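The values are calculated or read from the model by the stated rules, or taken from the named source; none is laboratory data. These numbers come from a predicted model, not from an experiment. Every residue, glycine as well, gets a Cβ built from its backbone with ideal geometry; the counts of neighbours run over all protein chains shown. The accessibility values were calculated without ligands, DNA or RNA, using every heavy atom of the protein model including side chains. Shrake-Rupley method; radii C 1.70, N 1.55, O 1.52, S 1.80 Å.
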Amino acid sequence: MADNLPELGATGLVINLYEYLWTKNNLLQTRCMYHKCPPVLVPDTILLRNKQPVSWYFSSFKTGSIQRRTKDLTIGKVVEAVIRRQDPTTDVASVYVGAAQGDVQPITEYLSPAGMDYFLSTPPSRRTKAGLLQTFVLPKGTSNFIIRVNWTPNVCSLDSCININKLADPELDVQDRAATNDDKNCVLIPMSGNVLATQLERLCGCIAEHVHLASSQQFKVMSMIINFKIDSEDRVWLLWCEQLEVGDDAGRLIQGSKADARLLGDVSDAEEDMSTEHPRKQHKEGKDRSRRDSRGPRTPTRKSSSGRRKSSKYAEPEVVDSDEE
């Protein structure tokens with residue numbers, strides 16, 4: 001089975017992790033309890049190549065497993081499904097996550113239905129030739145947030161990345177009130193010593209073991225950075241992985257692709273988007289400001305908690321059902 005699996009190991013955006021999570025573990029003689037997939041929920045996640053759908057991963061509440069669809073995928077079907085799953089209390093329908101070779105963190109663009117239509121209709125740039133479109137997981141509180149977990153077999157650290165703006169603020173652009181990866185609009189609060197931190201650490205260990213077994217023990221996860229979200233019913237949602245290193249059983253690092261997005265989109269170092277893109281005028285009603293691709297990633301400077309603004313607000317999200325019809 002490992003021969004049929006894609007290469008693994010990346011920085012920026014680890015697209016191929018979804019394929020490993022979907023792949024069944026057939027090594028039943030091992031101590032892994034989860035034959036089908038780790039016990040984690042994945043929102044509707046559509047992998048894109050040149051802004052065209054390639055594969056679709058989602059968690060089914062009916063079977064309790066991660067499902068994949070690869071046939072008869074069109075942009076029209078994707079947009080229709082994403083909008084159908086959008087919560088009526090928010091204008092945020094989805095988030096695009098992309099990366100190019102050399103990116104340390106992915107670019108994230110939160111989109112309204114109008115913004116999503118505009119984004120998918122424009123030609124891809126270097127950072128949008130390969131990526132993913134994911135249904136937005138709605139927070140329970142007033143602000144959007146994610147939990148970033150930096151995991152190794154021996155050490156695990158967690159940070160709550162919280163947007164300081166209200167998600168429903170009509171005076172702000174969608175990106176400004178939903179982004180969780182820029183210093184201007186976000187605070188970073190370390191997490192430790194609570195039940196949730198322990199749960200996420202164990203879940204990352206389960207994901208690492210599943211990757212090891214699903215790859216017929218070819219890949220052993222040495223480190224990874226994964227973004228999670230918790231909904232109002234205390235369910236854990238895996239959003240995306242932005243860094244993953246794998247090694248062999250002896251602990252020797254295996255040099256994988258330098259950007260997992262390159263595997264999906266065949267993006268090379270020399271391949272730059274040469275088209276001149278100019279900022280367009282933004283309309284406050286009907287469309288959100290979908291950031292122009294040529295502006296590059298919104299990458300925060302990592303700082304200690306003492307150097308960041310602190311907030312006592314911590315929101316738990318709720319999500320719409322992602323079962324297929």
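So here's what we get for this one:
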read-out: Search result, residues across the stretch 127-161 that are of a type in the set (Gly, Ala, Ser) and within 13 Å of residue 108 (Cβ to Cβ); value: 131
read-out: Residue match in the stretch 124-140 (condition: open to solvent by 20 Å² or more (accessible area, probe 1.4 Å), of a type in the set (S, T, N, Q) and either assigned to a loop (DSSP other than H, G, I, E, B) or farther than 21 Å from residue 47 by Cβ (or both)); value: no
read-out: Any chance residue 191 is open to solvent by 20 Å² or more (accessible area, probe 1.4 Å), closer than 15 Å to residue 152 by Cα and modelled with pLDDT of 90 or more; value: no
read-out: Conditions (1) closer than 20 Å to residue 45 by Cα; (2) surrounded by fewer than 17 Cβ atoms within 10 Å (Cβ to Cβ); (3) modelled with pLDDT of 95 or more: number failed by residue 152; value: (1)
read-out: Matching option when the condition is open to solvent by less than 10 Å² (accessible area, probe 1.4 Å), at pLDDT 90 or above and out of contact with any Lys or Arg (no Cβ under 6 Å at 6 or more places or on another chain), among 79, 92; value: 92
read-out: Any hit, the stretch 32-42, residues being under 30 Å from residue 169 (Cβ atoms), in contact with a Ser or Thr (Cβ under 8 Å, 6 or more places away or on another chain) and modelled with pLDDT of 90 or more; value: yes
read-out: Failed item in (1) among the hydroxyl-bearing types (Ser, Thr, Tyr); (2) farther than 27 Å from residue 186 by Cα; (3) assigned to a strand (DSSP E or B), with residue 63 passing the rest; value: (3)
read-out: Where residue 116 falls short, out of the listed (1) surrounded by fewer than 18 Cβ atoms within 10 Å (Cβ to Cβ); (2) within 18 Å of the chain's Cα centre (by Cα); value: (1)
read-out: Test: residue 196 is modelled with pLDDT of 75 or more, buried (at least 16 other Cβ atoms within 10 Å of the Cβ) and within 21 Å of residue 20 (Cβ to Cβ); value: no
read-out: Leading residue by the ranking (farthest from residue 150 (Cα to Cα)) among those in the stretch 191-228 that are among the charged types (D, E, K, R) and out of contact with any strand residue (DSSP E or B) (no Cβ under 6 Å at 6 or more places or on another chain); value: 209
read-out: Top-ranked residue of the stretch 155-183 - restricted to ones that are assigned to a loop (DSSP other than H, G, I, E, B) and small (Gly, Ala, Ser), ranked as least open to solvent (accessible area, probe 1.4 Å); value: 179
read-out: In the stretch 246-273, residue modelled with the highest pLDDT [restricted to those that are surrounded by fewer than 19 Cβ atoms within 10 Å (Cβ to Cβ) and in a strand (DSSP E or B)]; value: 247
